[in-house]
């Protein structure tokens, strides 16, 4: 269970206890019981060393091929700048149109 989520559940439980609610105890017990059951059924799986090596090789090959083909990764900052300029230009044109229509 996520540490943050567990803290939230325990905080909610503490709030319920302070408020005198007994339902919170039953809900918390049931919830933690389900969490324990799920945790006991799950078995950790780790990939084999062969799989990791093969995946790494495929990713590196793909990266080299993309670079050789001239692939340029997206640049979010540039795209945001272009979007801001486009919005500014459209706003300017609409403002100019409104001003000209009022005359």
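The values are calculated or read from the model by the stated rules, or taken from the named source; none is laboratory data. Predicted model only: the values in this text are computed from it and were never measured. Please note: Cβ atoms are built from the backbone with ideal geometry, for glycine as well, and neighbour counts cover all protein chains shown.
The single residue among 47, 76 that is free of Cβ contacts under 8 Å to residues at least 12 places away in the same chain, over 30 Å from residue 17 (Cβ atoms), under 26 Å from the mean Cα position of the chain (by Cα) and not assigned by TED's automatic domain parsing to the domain that holds residue 15 turns out to be 76. If you go through the stretch 37-44 one residue at a time, do you hit one that is farther than 30 Å from residue 7 by Cα and either out of contact with any strand residue (DSSP E or B) (no Cβ under 8 Å at 6 or more places or on another chain) or in a helix (DSSP H, G or I) (or both)? No, the stretch 37-44 contains no residue that is farther than 30 Å from residue 7 by Cα and either out of contact with any strand residue (DSSP E or B) (no Cβ under 8 Å at 6 or more places or on another chain) or in a helix (DSSP H, G or I) (or both). Exactly one residue out of 14, 85, 30 is assigned to a helix (DSSP H, G or I), over 27 Å from the mean Cα position of the chain (by Cα), at pLDDT 95 or above and surrounded by 10 or more Cβ atoms within 10 Å (Cβ to Cβ): that is 85. Cβ-Cβ contacts under 9 Å between residues 6 or more apart (or on different chains), taken from a first residue in the stretch 53-70 that is surrounded by 10 or more Cβ atoms within 10 Å (Cβ to Cβ) to a second residue that is modelled with pLDDT under 95 and part of a helix (DSSP H, G or I), are absent.
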